[in-house]
Amino acid sequence: MNYSILDLLKLIGSLGLFLYGMKIMSEGLQKVAGDRLRNILTVMTKNRVTGMLTGVLITALIQSSSATTVMVVSFVNAGLLSLTQSISVIMGANIGTTVTAWIISIFGFKVNISLFAIPLIGISIPFIFSGNSKRKSWGEFIIGFSFLFMGLDFLKNSVPDIKSNPQILEFLTNYTNMGYGSILLFLLIGTIMTIVVQSSSATMAITLIMCSKGWISFEIAAAMVLGENIGTTITANMAAISANVSAKRAAFAHLMFNVFGVIWMLIVFFPFTRMIAWLVTEYGPGNPNALMNFVNTTDPALVNQLNEGKVIDSALSAVQSQFSNMQVSVSYALSLFHTVFNIINVFIMIWFVNMYVKIVTKIIPQKHSDEEFQLKYISSGMLSTGELSLLQVKKETIVYAERTQRMLNMTQDLLHEKEGSEAFSKLYSRIEKYEKISDRMELEIANYLNHITTNNISYGSENQIRSMFKVVDEIESIGDSCYHMARTMIRKSEVHAAFTPQIMDNIAHMFTLTSSALEHMTHILSKNEMLESDLNKAYNKEDEINNLRNQFRNENIESVKRGEYEYQAGTFYMDIISESEKLGDYIINVLEALKEKRKLYN
């Protein structure tokens, strides 16, 4: 079997298509899914049991645990699922994938969703070229979904063709009689094969072929199935390469879950396989170990004839029928082993979901540069009591304010980055991401406040909620101001307008004042009460910002007249100064809302 450089490039290209599909699909989800899909997923995964059942259902429908786990990783990446929810769904996917093994055993074929990829791209084209942004986002989601499955399909077809040539592995029969050592060896082989073939279903088919031809025993094949359970996790981990830290954690939790399952199974491996053999013998087509015994005691030439399905003398038709029944027995036993193992593993491990979350969070810490949408204090499940819910909103609002503070700091840093550099582009992209997070946070907090109002709450709590709506709205406006300033710097870079050192110093001075005002606002938010002195200090800062804005505006007119810099540079300069002054106004609006809330509460 030849494998050229061109074949290797096809493999790399297939992987690239797969990862690109993952990226486009995830971005499409963030644009179009919104709260509706997130709420549906939240209902479906409201606890670990329903989350697990969701994973079973999805995988049974699409016939690919790899596709399910990849989609779950994309949902986590888009902020539609929490880490805890995703682990439950992935656990369910392990059970759902056993349906594929039964289809292979019974029917000898597998439904291939990649066949629908090209028609789906055809459906997506009108959406892609639509002027409506919502429909365009739907088109991106559909085409990303198609690319994802095309990539998976191309991956299977771009590796060494061991799927169609199982006889290549016939030499492994020399290593099947080493006891427990053989079990570990074939577990490793099953893992490697699944990583290479990129499909546990395809590797399962190879294992069934090897076992049904009598090359390996039922126990050895079961060991390969355990290896396939580990190998299949590589797909989700590959999908998480370009994803955020939560998606990486979800993929790693999948690996941990399957590895821990294999470890406990290895401890009880021989009694467990004997139990499966007994079940198939007593309630199924026959003893799965009979085939290996038959192969070891029969003329190899006859076995080859039986394996190749050649016409045999009528006198041996009974032997041919017996051989066929033994093949069915061993395939049923292998499928039953796969199913029972995964069901037991899930029902053991599902009680340790929170432990998995803690472990992966420790192993994959969040870096300073990693930032994704995830509420910290507000849960999407049952509401707490009215007072406790309001306390949760207050804590989440503080987190929201701190994020806008970081966003303003990044905007200030962007001013001093070299325009056109990689660092400049990365920093702007991060600010852009923060702006989307800011929008999502406002929406989620506002929705939570709406849910609180549906409960029986006091008049005082109602007024507090009204004030909190105002606070989160104004904080979102602060985030918008930061983003608008960053956009102004991008436009300045595109037309190559130049700021003089004096302009740079003036903007830096304004940023220092607005940053100080924002820090003061966040400090007041975190306090249990707002003193009159706190409010007076904030008003003084706002007056200073307004005075500085007026001073810079007058100086700018004179400087442009004197030709110290171009009019266009002065326009960008004033846009940043004016946006900074607006930001100061939003800060005061937040404090005014807090002042009103304090009056109502008192």
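The values are calculated or read from the model by the stated rules, or taken from the named source; none is laboratory data. Just so it is clear, the model here is predicted, and its values are computed rather than measured. Positions of Cβ are generated from backbone atoms using ideal geometry, with glycine treated the same way; all protein chains shown enter the neighbour counts. For the accessible areas, the whole protein counts, side chains as well, though only heavy atoms, and no ligand, DNA or RNA atoms are used. Shrake-Rupley method; radii C 1.70, N 1.55, O 1.52, S 1.80 Å.
Of note:
- Of the listed requirements (1) assigned to a loop (DSSP other than H, G, I, E, B); (2) open to solvent by less than 20 Å² (accessible area, probe 1.4 Å); (3) at pLDDT below 65, Ser164 misses just one: (2).
- Among residues that are under 30 Å from Tyr20 (Cβ atoms), at pLDDT 70 or above and open to solvent by 30 Å² or more (accessible area, probe 1.4 Å), Val245 is not included.
- One residue from Leu291, Leu279, Leu255 being surrounded by fewer than 18 Cβ atoms within 10 Å (Cβ to Cβ) and either farther than 18 Å from Thr339 by Cβ or out of contact with any Leu (no Cβ under 7 Å at 6 or more places or on another chain) (or both): Leu255
Residues are listed down the side, and each one gets a yes or a no for (1) at pLDDT 70 or above; (2) on the phi < 0 side of the Ramachandran plot; (3) touching a Pro at 6+ places or on another chain (Cβ under 7 Å); (4) surrounded by 15 or more Cβ atoms within 10 Å (Cβ to Cβ):
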position	(1), (2), (3), (4)
Arg48	yes, yes, no, yes
Gly55	yes, yes, no, yes
Phe75	no, yes, no, yes
Asn94	yes, yes, no, yes
Lys110	no, yes, no, yes
Ser114	no, yes, no, yes
Phe129	yes, yes, no, no
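- Any hit, the stretch 264-278, residues being among the β-branched types (Val, Ile, Thr) and at pLDDT below 70: no
- Glu542 vs. criteria surrounded by 14 or more Cβ atoms within 10 Å (Cβ to Cβ) and part of a helix (DSSP H, G or I): yes
- Any hit, the stretch 475-487, residues being open to solvent by 10 Å² or more (accessible area, probe 1.4 Å) and assigned to a loop (DSSP other than H, G, I, E, B): no
- Within the stretch 499-530, considering residues that are among the hydroxyl-bearing types (Ser, Thr, Tyr) and assigned to a helix (DSSP H, G or I), the one farthest from Asn547 (Cα to Cα): Ser526
- Residue match in the stretch 282-289 (condition: at pLDDT 80 or above, under 25 Å from Ser86 (Cβ atoms) and not β-branched (Val, Ile, Thr)): no
Residue-wise test of (1) surrounded by fewer than 21 Cβ atoms within 10 Å (Cβ to Cβ); (2) modelled with pLDDT of 90 or more.
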| site | (1), (2) |
| --- | --- |
| Asn506 | yes, yes |
| Met530 | yes, no |
| Asn547 | yes, yes |
| Phe552 | no, yes |
| Tyr573 | no, yes |
| Val590 | no, yes |
